[in-house]
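First the structure, in the form of structure tokens, and then the observations on it.
The values are calculated or read from the model by the stated rules, or taken from the named source; none is laboratory data. Model, not experiment: these values are computed from the prediction. Cβ sites come from the backbone with ideal geometry, for glycine too, and all protein chains shown count toward neighbours.
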Amino acid sequence: MERDRQASRFLSIADRVINWSRKYSLWPMFFGLSCCFVEEAATFTSRYDMARFGAEVMRPSPRQADLLIVSGTVFKKIAPVVLRLYEQMPEPKWVISMGSCANSGGMFDVYSVVQGVDQIIPVDVYVPGCPPRPEALLEGLVILQEKIMSTEKPSRKVFHLGGGTQGTDRPVLEIGATKSRDPRGPGYEGIPIRGTSILPGGLHWGNRSDLMWTPPARRIELSEADLALAAEMRERFGDKARLEPHSSDMLTFEVDRGSVKDVLRFLKNESKPKYKRLDDLTAIDESARRNRIWNKGLAEASSDAGAVESFSRRQPGRYPDFTVVYQLLSFDTAGRVRIKSGLEAEGGAGLPASVTDIWPSANWYEREVFDMFGIRFEGHPNLRRILMPEWWEGHPLRKDYPGRATEMAPYTLEDARKRQPMDAMEVAALDHKVPPGEREFFLNIGPHHVSTHGLLRCIAALDGETIKSLDLEIGYHHRATEKLGERQSWHQYIPYTDRNDYLAGSSLEFSYVTAVETLADIHIPERAQAVRVLLAELYRLSNHLVWMATFAHDVGAMTPNFYTFAEREMILDIIELITGGRLHAEFLRIGGLAADLPEGWKEAVDNLTAIFPRRLLEYEKLLRENPIFLARTKGIGRISLEEAMDWGVSGPNLRACGLAWDLRKKLPYSGYENYDFEVPTETAGDCYARYLVRVEEMRQSIRIIEQVVRNMPSGRHVTEDYRYAIPERREMLKDIETLIHHFVNVTRGMKIPVGEAYGATEVPRGEHGYYVVSDGLGSAYRMRVRGPGFANIQTLPIMATGESIADLISIIGSMDVILPDIDR
Amino acid sequence: MQPVAAGVMSPFHAGVFSLVVFTILVMLFIASQLFLAAWLGEKKKSPEKSRPYECGIIPTGSARFRYPVPFYLVAIFFLIFDVEGAFIITWAVVYRKVGLPGYEQMSFFIVLLLAGLFYIWKQGGLDWRETGKRADS
Amino acid sequence: MLLWIAGFIILLIKLTIVLGVVLFLAGYLVWVERKFLARLQIRYGPNRAGPFGLLQPIADIVKMITKEDTVPDGADRTFFLIAPAVVALTALLMFSVVPFGKDITLLGQKVPLVVTDLNIGLLFVFAMSSLSVYGVALGGWASNSKYGLLGGIRGAAQMISYELSLGLSLVPIVMMAHSFSMVDIVQAQQRYPFILFQPVAFLIFVVSAMAESKRIPFDLPEAENELVAGYHTEYSGMRFGLFFLGEYVHIMVFGGILAVLFLGGWRGPFLPPVVWLLIKIFLVALFMIWVRGTLPRLRYDQLMTLGWKVLIPLALINILVTGAIGLIFGG
């Protein structure tokens, strides 16, 4: 009796000691999925300093970690990896689910996303937010500490006495049994989820957008050079390549399938100017076009019949089953051209020909089209899925494919066990067409790895530490942003654009609204233009600071991280002051901005521009004057200008090869032509050149910001064209028409005229563009996202083959990759 | 019995005996740690937990692979130089005693050693980046 | 006999204190590192566990001991289980030759303030530091993980690149002290610490010893950005803790040996010898932490190039020059 009491006293003291120790020694795994991880990383830096709680010892290996912070979207392709990492952690272990995506799928109720990580692993603490602020994560940690202290009784388990509790003891949730499918929570069954009612026409009748009148889409005047090219095309290809009469953005030809390759080859090599770069290659599923079978009644009823007619092909109203779209870019004259080619699902004249022999970069683009639409390309060397896992069924961007995860079978623990990523050797065999030898040493670097900057999987065949060949497997971060674009209304899509590159925030909204505004011919007030530039440059600074930190971290320097994040917080403070957001500003609106600049913005920005150059110099000297840093970057990961152009590389990576190609200069938008700045270039094309270019870009950004602040125009922040914009509240309260516009645009969303347009801006990583196709409805018919990363990362094997593992890491670091704009 | 204050077993002499006792202490400490590590803590085996970690992917092939030759080449250089280093070190203790003649002989030896080092250097024996395609870094 | 027993008890107490102090300091070195790095990085560092976070090392150790101990499938169990012990053992044994004060007299007998004054003390240090690589290489190889293997191989490669220059850099010290004994070496620095005579040897030694202790910029075997956690990727709980402990004891030993060889050992004015030695060790440790907070990491082949093409020739030339000067001015 007495002994029992003593034993239990001992155990309860032991409980307390062990719990106290564990509480202050929660080592998190170095593991991030998407946006939230950036905030998680910020939590470790100076302002938030997670180290105070003893939790800064980030362990890259699950074996030494106590805490798994699931920070970001759990994709169906990565879920097996998350599960494995969790299971590889030794007992006891805890899980914090950080952010809406990990909690419930959040805003990504879409085919590729698991609707909550608690369906595959147990969760202790949920941290809400999209993304949660660092303070929120700190609170999550404190809650977990309290949970450990107050509810766990580990000593019986530790001493093998039977009983006791430690670590996560909650069950994995099961859809239907312990978890509701409805993202709004239980109790809403029977009420449709908002947004489902705005399916594109054809699938849904009686859309009220038709009742709204809009002028036809913008129509550009072709320049003389364009006309000359059109004439030459006519001469050369006759009737096989037809000029689109009505284009909103660029010279557009419709080409017969058989001649596409000839036309492209001509445009790349012979035409004047030469269109050297394959900007984009994608497709549109035309099967759900509303006027596909010409509905005369509808045409007459609809007042913009003219626009519809000019846009629809020669046989009015006749759309093919699919359209394959090629977009080319000329560096000489800074111009683009679009080639479209129809395709019938049944019969027809065979498959479209692969253009991989003209542009090597077409390889991935064609694979993507195959993956998303099921269109096969004749002569493609390795046509298989790229974004979706191999076991996936169906082609998600087809119109008859369900968009929502909640419309599909739930993703379960069983799936996560069964659906394993492809074996490294299989991938290599498929990519190289030669079966690798038995003795080949394959190393998976990623998808969970400290230095892949996200869910990128590199499969390296090693000889010692030298990389003999490198294969990339992407798609672990496929958030189905293009499918979402077809579902969300034009305005609702803006928050998704931020998340297409979570380090560049507004820059991406900028690209998107530019595309829509080009299509609908909306004119933006000068003040809004200047604020857009301001935000874009602030985000460029913030992005490059993160890049600098991670690049330095990749080559082994741990401290720059903390320094640059201090200035980054300063920038985020300004952004927060102006927009209310940190990572995702969601501040731009079609037609302008969400609000005017707040009081005190000028002082905050001036404060930044005053100290930033000096600080930058200080941080930069830490690296630039360090012989080890130079040895790790100079001459490493070279790519020639010719290769870079061929592969569609853009942004600082291209400029580091010696071409001063910057959309802000070459195809100015939003008033960039009024600012005095330079486009830094380097010629070496190696990691160090990429470093120099980005650092100089930061200085130039500061210059632009100074000019914006100095010359900030006064006036409206949103266009008066309320057909397309959400009216200012002040005016909305004045007259009934504006109120109606506000009501309609906020609830149903505005209507964008039938047509298509491409809009791109120079985001920190290069050219990020949106190709929006409208069928005259409240949401896009097709939303194509052209991310710079997709093209840039394709060159990684070229740069890294023959180098060592350490070099691969510094190359990835120098390229500034981010997964959401690769996998989208 | 030997006088206790002297000899190999003397506890007052900082000799091998003391080292042996220290080693035993250290080993006891480490053994206790290893024992605690193995004994304490809940054990929960699962197939995934005992699978080697490779970035969350099921590893391909074996993790025991043959390392390419350059590594062994350098290891052999190391062995040779280490043995020769032993000569230098023995000379160093008696360097005053052997005086100038000793120094002359040893400097000849060291110069020879340096020459050998430069020779393998020139022959590329010290280049580990044998397949680097951009080897100019 | 009675005297022997008394002596043995004194010895035991002495050695236990030495071991305890070394372990305690190594544990608190982790705390110092986390705090100092935090200050370098404009942060506070741990400050919740106890005042100023002073109980942080205890929390970490208790947590690690009570954590599950995993062994991956296909691992070579024996080697996997003892590898961390090798690292910790060699690091702790290395400390045994570091003298921490003049002899003191107890019971009419001289009690030397050193664990063992081997006449080959310096060689013992080399031997131990070479042996410690077995822990790294075997641990990496035995864990049946590719990252572990690569880390283990890097560890071995690092050893063969730096062991030589480490040894050769100390030849001038031996030449000046006429002895391998650490006690004698401290004696020889009665007037001036050797760093004044041997700055080149000092530099070579510092670089080589940092490479031996596998810290940034030479932390290739564990390079977390490249190899996840390198040779200890598969280690969990206290086994990982022993690697960790070994690393910090290694820093202490490195500080102690550096102090003995170049900084005059326990010599110093006003303060007791042990305190001086501890101050010197602490300063060296701070220097190592500072370096870790500042520098990036070298690449594998660059590391080897530095060792073979710079440090070894330099060390050899340094021996020749020292010999010549010693003969000309010596006597």
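Just one of A:I798, A:I809 is farther than 19 Å from A:A504 by Cα, within 14 Å of chain B (Cβ to nearest Cβ), touching an Asp or Glu at 6+ places or on another chain (Cβ under 8 Å) and crowded, with 24+ Cβ neighbours inside 10 Å; which is it? Even if it seems obvious, please write down each step before you answer.
Details: A:I798 fails: crowded, with 24+ Cβ neighbours inside 10 Å.
Testing whether each residue is farther than 19 Å from A:A504 by Cα, within 14 Å of chain B (Cβ to nearest Cβ), touching an Asp or Glu at 6+ places or on another chain (Cβ under 8 Å) and crowded, with 24+ Cβ neighbours inside 10 Å leaves just A:I809.
Is the range A:1-22 home to any residue that is outside any helix (DSSP H, G or I), within 14 Å of chain C (Cβ to nearest Cβ), out of contact with any strand residue (DSSP E or B) (no Cβ under 7 Å at 6 or more places or on another chain) and small (G, A, S)? Let's see the steps before the verdict.
Of all residues in the range A:1-22, those outside any helix (DSSP H, G or I) come to A:1.
In the following step, the residues that additionally are within 14 Å of chain C (Cβ to nearest Cβ) were identified as none.
So far as the range A:1-22 goes, no, none of its residues is outside any helix (DSSP H, G or I), within 14 Å of chain C (Cβ to nearest Cβ), out of contact with any strand residue (DSSP E or B) (no Cβ under 7 Å at 6 or more places or on another chain) and small (G, A, S).
I'm trying to understand the selection: among the residues of the range C:54-69, which are at the interface with another protein chain (Cβ under 7 Å from one of its Cβ atoms) and not in a helix (DSSP H, G or I)?
Of everything in the range C:54-69, those that are at the interface with another protein chain (Cβ under 7 Å from one of its Cβ atoms) and not in a helix (DSSP H, G or I) turn out to be C:T66, C:K67, C:E68, C:D69.
Any residue that is surrounded by fewer than 24 Cβ atoms within 10 Å (Cβ to Cβ), within 14 Å of chain B (Cβ to nearest Cβ) and either assigned to a helix (DSSP H, G or I) or on the phi < 0 side of the Ramachandran plot (or both) - is there at least one of those in the range A:102-112?
no
Identify all residues within the range C:77-97 that are out of contact with any Asp or Glu (no Cβ under 9 Å at 6 or more places or on another chain), facing another protein chain (nearest Cβ under 10 Å) and among the β-branched types (V, I, T); write none if there are none.
Matches in the range C:77-97: C:I82, C:V86, C:T90.
For the list (1) over 22 Å from A:L630 (Cα atoms); (2) away from chain A (no Cβ under 14 Å); (3) at pLDDT 85 or above, I need the number of the one condition that C:L203 fails.
It is condition (1) that C:L203 fails.
For the range B:31-59, what are the residues that are among the β-branched types (V, I, T) and surrounded by fewer than 21 Cβ atoms within 10 Å (Cβ to Cβ)?
Taking the range B:31-59 as the starting set, the residues that turn out to be among the β-branched types (V, I, T) are B:57-58.
Of everything in the range B:31-59, just one residue is among the β-branched types (V, I, T) and surrounded by fewer than 21 Cβ atoms within 10 Å (Cβ to Cβ), namely B:I58.
Which of the numbered conditions does C:D117 fail, given that it passes all the others? Conditions: (1) assigned to a loop (DSSP other than H, G, I, E, B); (2) facing chain B (nearest Cβ under 8 Å); (3) in contact with a Lys or Arg (Cβ under 8 Å, 6 or more places away or on another chain).
(3)
For (1) surrounded by 15 or more Cβ atoms within 10 Å (Cβ to Cβ); (2) of a type in the set (S, T, Y), each residue gets a yes or a no:
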position	(1), (2)
A:N607	no, no
A:R615	yes, no
A:E618	no, no
A:E625	no, no
A:A644	yes, no
A:N653	yes, no
A:Y669	yes, yes
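Out of all the residues in the range A:584-594, which are surrounded by fewer than 24 Cβ atoms within 10 Å (Cβ to Cβ) and within 19 Å of A:I571 (Cα to Cα)?
Within the range A:584-594, A:H584, A:E586, A:F587 qualify.
Which residue, of A:I822, A:I818, is part of a loop (DSSP other than H, G, I, E, B), buried (at least 24 other Cβ atoms within 10 Å of the Cβ) and away from chain B (no Cβ under 14 Å)? Break it down into steps so the answer makes sense when it comes.
On the way: A:I822 fails: part of a loop (DSSP other than H, G, I, E, B).
The match here is A:I818.
Can you tell which of C:F254, C:F262, C:F270 is surrounded by fewer than 24 Cβ atoms within 10 Å (Cβ to Cβ), farther than 17 Å from C:L113 by Cα, among the aromatic types (F, W, Y) and away from every other protein chain (no Cβ under 14 Å)? Show your work before the answer.
Values: C:F254 fails: surrounded by fewer than 24 Cβ atoms within 10 Å (Cβ to Cβ); C:F262 fails: surrounded by fewer than 24 Cβ atoms within 10 Å (Cβ to Cβ).
Result of the check over C:F254, C:F262, C:F270: C:F270.
Could you please give the count of residues in the range C:72-108 that are more than 22 Å from the chain's Cα centre (by Cα), farther than 29 Å from C:L263 by Cα and surrounded by fewer than 21 Cβ atoms within 10 Å (Cβ to Cβ)?
Taking the range C:72-108 first, the residues more than 22 Å from the chain's Cα centre (by Cα) are C:72-81, C:102-108.
Retained after the next criterion (residues that are farther than 29 Å from C:L263 by Cα): C:72-81, C:107-108.
Restricting the remaining residues to those that are surrounded by fewer than 21 Cβ atoms within 10 Å (Cβ to Cβ) gives C:73-74, C:76-79, C:81, C:107-108.
The total comes to 9.
Considering only residues that are touching a Pro at 6+ places or on another chain (Cβ under 9 Å) and assigned to a helix (DSSP H, G or I), which ones fall in the range C:226-243?
Initial filter on the range C:226-243 (touching a Pro at 6+ places or on another chain (Cβ under 9 Å)): C:227-243.
Of everything in the range C:226-243, those that are touching a Pro at 6+ places or on another chain (Cβ under 9 Å) and assigned to a helix (DSSP H, G or I) turn out to be C:L227, C:G230, C:Y231, C:H232, C:G237, C:M238, C:R239, C:F240, C:G241, C:L242, C:F243.
What about A:R540, is it more than 26 Å from A:E482 (Cα to Cα), in contact (Cβ under 8 Å) with a residue 40 or more places away in the chain and among the basic types (K, R)?
Working: more than 26 Å from A:E482 (Cα to Cα): no; in contact (Cβ under 8 Å) with a residue 40 or more places away in the chain: yes; among the basic types (K, R): yes.
Spelling it out, it is not the case that A:R540 is more than 26 Å from A:E482 (Cα to Cα), in contact (Cβ under 8 Å) with a residue 40 or more places away in the chain and among the basic types (K, R).
Determine which member of the set A:A552, A:A528, A:A595, A:A585 is in a helix (DSSP H, G or I), hydrophobic (A, V, I, L, M, F, W, C), touching a residue at least 40 places away in the same chain (Cβ under 8 Å) and closer than 30 Å to A:T747 by Cβ. Before the answer, list the steps.
Details: A:A552 fails: closer than 30 Å to A:T747 by Cβ; A:A595 fails: in a helix (DSSP H, G or I); A:A585 fails: in a helix (DSSP H, G or I).
Of the residues listed, the single one that is in a helix (DSSP H, G or I), hydrophobic (A, V, I, L, M, F, W, C), touching a residue at least 40 places away in the same chain (Cβ under 8 Å) and closer than 30 Å to A:T747 by Cβ is A:A528.
Kindly indicate the residue of the range A:438-464 that is more than 15 Å from B:P59 (Cβ to Cβ) and within 7 Å of another protein chain (Cβ to nearest Cβ) and also surrounded by the fewest Cβ atoms within 10 Å (Cβ to Cβ) among those meeting that condition.
A:D463
Which condition number in (1) within 22 Å of A:H478 (Cα to Cα); (2) at pLDDT below 90; (3) in contact with a helix residue (DSSP H, G or I) (Cβ under 6 Å, 6 or more places away or on another chain); (4) among the hydroxyl-bearing types (S, T, Y) is the one that A:S97 fails?
(2)
Return yes or no: is C:S143 within 12 Å of chain B (Cβ to nearest Cβ), farther than 26 Å from B:W121 by Cα and surrounded by fewer than 22 Cβ atoms within 10 Å (Cβ to Cβ)? Outline the logic, then answer.
Details: within 12 Å of chain B (Cβ to nearest Cβ): yes; farther than 26 Å from B:W121 by Cα: yes; surrounded by fewer than 22 Cβ atoms within 10 Å (Cβ to Cβ): no.
Here the answer is no, as C:S143 does not meet what is asked.
Can you pull out the residues in the range A:240-292 that are assigned to a strand (DSSP E or B) and not aliphatic (A, V, I, L, M)? Full working, then the answer.
Within the range A:240-292, the subset assigned to a strand (DSSP E or B) is A:241-243, A:251-255, A:277-285.
Across the range A:240-292, the qualifying residues are A:R242, A:T252, A:F253, A:E254, A:R277, A:D279, A:D280, A:T282, A:D285.
Listed here are the residues, each with its yes/no results for (1) surrounded by fewer than 24 Cβ atoms within 10 Å (Cβ to Cβ); (2) in contact with a Ser or Thr (Cβ under 8 Å, 6 or more places away or on another chain).
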site	(1), (2)
C:A157	no, no
C:S161	no, no
C:A177	yes, no
C:R191	yes, no
C:Q198	yes, yes
C:A223	no, no
C:L227	no, yes
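Among the residues of the range A:47-62, which ones are more than 8 Å from chain C (Cβ to nearest Cβ), assigned to a loop (DSSP other than H, G, I, E, B) and in contact (Cβ under 8 Å) with a residue 60 or more places away in the chain?
A:R47, A:Y48, A:A55
Which residues, counting only those in the range A:81-91, are touching a Gly at 6+ places or on another chain (Cβ under 8 Å) and more than 7 Å from every other protein chain (Cβ to nearest Cβ)?
Selection gives A:V82 alone.
Condition first: small (G, A, S), without any contact (Cβ under 8 Å) to a residue 24 or more places away in the chain and either more than 10 Å from chain A (Cβ to nearest Cβ) or under 14 Å from C:W290 (Cα atoms) (or both). Now tell me which residues in the range C:26-53 satisfy that. Full working, then the answer.
From the range C:26-53, those small (G, A, S) are C:26-27, C:38, C:45, C:49-50, C:53; that's our starting set.
Applying the additional criterion that residues be without any contact (Cβ under 8 Å) to a residue 24 or more places away in the chain yields C:38, C:45, C:49-50, C:53.
Across the range C:26-53, the qualifying residue is only C:A38.
Please specify each residue of the range C:1-11 satisfying the condition of being in a helix (DSSP H, G or I), more than 16 Å from C:I104 (Cα to Cα) and without any contact (Cβ under 8 Å) to a residue 40 or more places away in the chain. Give the derivation first.
In the first step, residues of the range C:1-11 are kept if they are in a helix (DSSP H, G or I); the result is C:2-11.
Then keep just the ones that are more than 16 Å from C:I104 (Cα to Cα); that gives C:2-5.
Matches in the range C:1-11: C:L2, C:W4, C:I5.
If you go through the range A:751-789 one residue at a time, how many are surrounded by 24 or more Cβ atoms within 10 Å (Cβ to Cβ) and in a loop (DSSP other than H, G, I, E, B)?
So the count comes out to 12.
Name the one entry in C:K35, C:K67, C:K102 that is basic (K, R) and more than 28 Å from A:P90 (Cα to Cα). Give the derivation first.
Numbers: C:K35 fails: more than 28 Å from A:P90 (Cα to Cα); C:K67 fails: more than 28 Å from A:P90 (Cα to Cα).
C:K102 is the lone residue from the list that is basic (K, R) and more than 28 Å from A:P90 (Cα to Cα).
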